[in-house]
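Participant: Got a structure for you, written out below as structure tokens; questions coming shortly.
Since every read-out is calculated from the coordinates, none of them should be taken as a lab result. These numbers come from a predicted model, not from an experiment. A quick note on method: Cβ atoms are made from the backbone with ideal geometry, for glycine too, and the neighbour counts reach across all protein chains shown.
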């Protein structure tokens with residue numbers, strides 16, 4: 001089968017995407033497919049028309065690749081592709097929109113407030129900060145609304161740290177959110193074709209629990225899969241993750257990140273196109289479920305070609 | 001019977017997470033100093049063709065005549081193919097050392113050729129000297145900020161790195177004296193002081209004559225070595241030439257590191273170390289262990305190039321070219337950077353160091369800059385600690401005037417947006433920001449101000465006030 005692998009592009013997560021793409025290409029070749037890698041650029045539509053692939057494997061992360069832009073084009077060109085549809089991608093990458101959807105569906109997600117740069121510049125939103133700081137309590141997590149990995153995510157431990165954290169988050173997106181910090185265990189659920197794979201727990205090896213950059217670095221974070229959880233905890237987490245995917249319309253595959261607090265699971269965000277690198281969580285979960293990387297890639301392709309396979 | 005593995009596929013089979021953790025268990029402790037992957041990924045985007053990169057440290061090699069390179073290489077092939085393709089002595093060829101002596105003489109130094117070892121670029125020179133002198137936990141002193149490429153070297157040998165603040169006259173020797181006394185009281189003797197005294201990378205400042213003399217005196221007094229890294233000594237665009245530390249000291253306590261990278265080509269990977277004989281002997285042993293010898297082919301190239309004369313006129317051409325680019329960048333900075341920013345005015349070298357208000361993290365700013373297709377090096381890379389987060393290194397040698405203007409304009413715009421945003425975040429109205437004082441400074445104060453350490457306590461008290 002002729003498969004194009006879309007990767008790279010202009011996203012800030014270009015590096016991760018290139019690694020995901022390379023691994024997928026390799027697996028596809030082992031499986032005997034004809035593979036055409038495309039580093040996504042201004043000639044994307046031209047190249048897709050010229051290559052006429054049977055399916056596109058989307059290995060792009062971050063804004064520009066995971067936000068529905070490329071998916072929209074694939075839908076227009078009538079090329080089946082892996083991962084969620086354009087609309088689901090657009091809903092998932094925008095944390096503000098995703099959390100609003102979760103709230104609507106009754107899924108627990110930490111309380112938050114979202115602001116655009118315009119709100120501060122033209123509407124004096126800064127005057128509302130003190131009120132919401134009181135509501136959320138410290139520390140507050142400040143995040144760009146769109147964007148993946150840990151880029152631009154900051155903890156503000158006190159009111160004095162909020163402006164700096166906001167300036168940082170606005171570097172990545174024009175809308176940011178302030179979110180209540182939930183203490184607890186960090187878990188991730190990868191969902192494949194409507195089914196949850198074994199849960200991964202990320203345990204920081206040492207040091208600052210607020211160091212987001214350490215999160216996905218081998219040696220600085222220890223990953224346990226399947227996570228050591230009671231049956232009750234496991235089903236609460238799985239239910240929340242599956243409900244989130246349903247609410248956002250994430251078919252095919254996705255990864256849901258949660259915090260397991262003392263009062264149960266809280267959904268933080270959904271990654272419509274989770275990383276597929278050597279250190280990524282989806283391949284770890286698949287491995288724990290007894291699937292090789294090739295099995296995983298095959299299953300993802302099957303889901304793209306006949307969504308009813310889910 | 002033992003099964004013979006099949007020839008490998010063109011790419012390695014998938015490495016499982018368990019494999020990775022198993023490797024991680026084998027890694028040496030010194031590898032844990034590696035930088036965050038998020039920042040590495042950001043730097044991956046700077047390589048995109050549409051990005052104007054002021055992040056590199058690249059000389060402009062496009063000015064070197066290709067026909068000259070072709071003629072020289074043909075001559076080597078015709079006359080010395082066998083020798084040029086063979087191994088060479090670990091310390092380097094005598095004839096190439098003569099070229100080095102010529103370069104150093106142009107800066108007023110007269111080294112004994114026997115004190116020289118030719119290295120694979122200046123970077124290896126730093127590595128070999130550190131390997132020779134530093135045990136884990138030993139103190140190494142350097143400037144704050146220091147050459148970003150030296151940080152991973154010092155860290156990989158597990159040095160205890162102490163960074164000394166600079167001002168417009170280079171390293172603050174008074175602070176150095178304090179540190180040396182402090183260390184002495186603790187019974188610790190630092191192994192060496194690493195410095196780029198002329199047109200410092202990344203600071204762009206030059207150590208004054210008075211401080212040079214005092215530094216050399218202190219080295220003698222405390223019997224510690226000074227490692228003088230001088231890649232840009234001949235690239236002076238204005239002001240008076242100053243004597244190298246090596247010249248002032250006579251080579252007893254100063255180890256000199258040089259390179260052909262900035263006066264000829266970084267691609268040939270030729271640098272050198274000049275050290276007192278006992279130190280040199282160990283450096284040569286270390287070099288032998290690392291790579292046996294420096295490329296003989298490029299050593300032949302340098303010999304050939306120098307034998308034709310005219311190397312100085314090429315350096316003069318570069319000086320003219322870079323002087324123009326420096327001036328362009330300084331003009332663009334004055335036009336496009338907000339009043340809250342300060343920057344150094346280098347008299348030579350390749351870099352300008354800009355300092356922004358404390359609340360701007362240049363790592364995050366880089367993400368915003370990349371959305372506008374422009375890149376720089378975030379200042380934190382030049383520190384071993386958390387300092388430098390609000391500064392950046394800007395290169396003016398590797399890009400043309402038009403790109404410099406456009407690049408600085410774009411960076412200025414994103415900084416301006418962050419400054420405006422921060423101001424709007426204060427419910428108390430326009431704040432009296434510390435950076436504002438820059439407006440009241442004398443015209444040439446930009447240089448000084450840029451390297452004055454910013455007192456964290458004086459910065460960003462806005463929210464505290466707002467909350468009473």
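Participant: Rounded to the nearest 10 degrees, what's the angle between the helix A:231-248 long axis and the longest principal axis of chain A, both from Cα atoms, 0 to 90?
Facilitator: 70
Participant: From largest to smallest, what semi-axes in whole angstrom does the range A:2-82 give when each is the square root of 5 times an eigenvalue of its alpha carbon gyration tensor? Can you show the working numbers first?
Facilitator: Values: eigenvalues 60, 53, 19 Å².
That gives 17, 16, 10 Å for the three semi-axes.
Participant: Any chance you could give the angle, 0 to 90 degrees and rounded to 10, that helix A:95-104 forms with the longest Cα principal axis of chain A?
Facilitator: It works out to around 80 degrees.
Participant: Same structure again: Considering the range B:85-307, what Rg and Dmax in Å follow from its alpha-carbon atoms?
Facilitator: Calculated on Cα positions, Rg and Dmax stand at 16.7, 54 Å.
Participant: Which value in deg cm²/dmol, rounded to the nearest 500, describes the helix-derived mean residue ellipticity at 222 nm for chain A, given -39,500 (n - 2.57) per DSSP H run of n ≥ 4 and division by the residue count? Don't skip to the end; give the middle numbers.
Facilitator: On the way: 11 runs with 117 residues, N = 310.
Calculated mean residue ellipticity at 222 nm is -11500 deg cm²/dmol.
Participant: Moving to a separate point now. Over the protein assembly as shown, what is the percentage of antiparallel beta bridges among all DSSP beta bridges, to the nearest 5? Before the final figure, lay out each step's value.
Facilitator: Numbers: 58 of 89 bridges.
That works out to approximately 65 percent antiparallel.
Participant: So if I restrict to the alpha-carbon atoms in the range B:223-367, what is the Rg, and what is Dmax, the biggest pairwise distance, in Å?
Facilitator: 19.3, 54
Participant: Could you work out, residue by residue across B:363-376, how many beta carbons of other chains sit within 10 Å of that residue's beta carbon, and then give the average as an integer? Spell out each step's value before the answer.
Facilitator: Working: counts 5, 12, 3, 2, 9, 7, 1, 5, 6, 0, 1, 0, 0, 0.
Taking the mean over all residues of the peptide, I get 4.
Participant: With r as the distance between the Cβ atoms of residue B:221 and residue B:106 and R0 = 35 Å, compute the FRET efficiency 1/(1 + (r/R0)^6) and round to 0.05.
Facilitator: That gives a FRET efficiency of 0.70.
Participant: Moving to a separate point now. Can you give the extra length, in nm with one decimal, that the chain gains between residue B:409 and residue B:23 once fully stretched, where that is 0.36 nm per residue apart less the Cα-Cα distance? Numbers along the way, then the final one.
Facilitator: Values: separation 386, 0.36 × 386 = 138.96 nm, distance 4.55 nm.
This chain segment gains 134.4 nm when fully extended.
Participant: Suppose we look only past 37 Å in the calculated P(r) of the protein assembly as shown. What percent of the Cα-Cα pairs does that tail hold? Write down the numbers at each step before the final one.
Facilitator: Values: 149988 of 302253 pairs.
Pairs farther apart than 37 Å: 50 percent.
Participant: Would you report the distance distribution of C-alpha pairs in chain A as whole percents per 20 angstrom bin, up to the bin with the largest distance?
Facilitator: 33, 57, 9, 0
Participant: Follow-up question, since we're still on this one. How many percent of Cα pairs in the range B:64-200 exceed 22 Å? Don't jump to the answer; show the numbers that get you there.
Facilitator: Numbers: 5323 of 9316 pairs.
Of the Cα pairs, 57 percent sit more than 22 Å apart.
Participant: Could you give the angle, 0 to 90 degrees to the nearest 10, between helix A:126-136's Cα long axis and the longest principal axis of the Cα atoms of chain A?
Facilitator: That helix lies at roughly 80 degrees to the long axis.
Participant: Here's something else I'd like to know. Just counting partner chain Cβ atoms within 10 Å, what average do the residues of peptide A:7-17 show around their Cβ? Working shown, then result.
Facilitator: Numbers: counts 0, 3, 2, 7, 3, 9, 5, 7, 9, 4, 2.
Partner Cβ neighbours, averaged per residue: 5.
Participant: In the range A:156-189, which residues have a backbone nitrogen under 19 Å from the label point lying 7 Å from residue A:127's Cα in the Cα-to-Cβ direction?
Facilitator: Answer for this model: A:163.
Participant: Turning to a different aspect of this structure: What does the convex hull of the alpha-carbon atoms of the range A:112-180 project to on average, in nm²?
Facilitator: 3.9
Participant: Which order do peptides A:182-191, A:52-61, A:152-161 fall in by mean Cβ count within 10 Å, highest first? It would help to have the intermediate numbers written out before the result.
Facilitator: Details: A:182-191: 21.3, A:52-61: 24.2, A:152-161: 18.9.
Output ranking for A:182-191, A:52-61, A:152-161: A:52-61, A:182-191, A:152-161.
Participant: Which whole number gives the average, over all residues in A:284-293, of C-beta atoms from other chains lying within 10 Å of the residue C-beta?
Facilitator: Details: counts 4, 1, 0, 4, 1, 0, 0, 0, 2, 4.
Taking all residues of A:284-293 together, the mean is 2.
Participant: Let me ask something else. Going by average Cβ neighbours within 10 Å, how do the peptides A:263-274, B:126-137 rank, with the highest at the top? Could the numbers behind the result be given before it?
Facilitator: Working: A:263-274: 22.8, B:126-137: 19.2.
Put in order of decreasing packing, that is A:263-274, B:126-137.
Participant: Considering only C-alpha atoms, what is the centroid distance from the range A:59-114 to the range B:379-419, in Å?
Facilitator: First find each Cα centre; the distance between them is then 33 Å.
Participant: Something else now. Can you tell me the length gained on complete extension of the stretch residue B:81 to residue B:4, counting 0.36 nm per residue apart and subtracting the Cα distance?
Facilitator: Values: separation 77, 0.36 × 77 = 27.72 nm, distance 4.04 nm.
Value of the extension gain: 23.7 nm.
Participant: Next up: Take the alpha-carbon centre of the range A:231-296, take the same for the range B:48-78, and report the distance between them in whole Å.
Facilitator: 50
Participant: What is the packing order of peptides A:169-178, B:416-425, taking the mean over residues of other C-beta atoms within 10 Å and listing the highest first? It would help to have the intermediate numbers written out before the result.
Facilitator: Details: A:169-178: 23.1, B:416-425: 19.9.
Listed from highest to lowest mean packing, they are A:169-178, B:416-425.
Participant: Shifting gears a bit: Considering the convex hull of the alpha carbon atoms of the range B:292-399, report its projected area averaged over all viewing directions, in nm², one decimal. Intermediate values should be presented prior to the final figure.
Facilitator: Numbers: hull surface 40.8 nm².
Over all viewing directions, the range B:292-399 projects a mean Cα-hull area of 10.2 nm².
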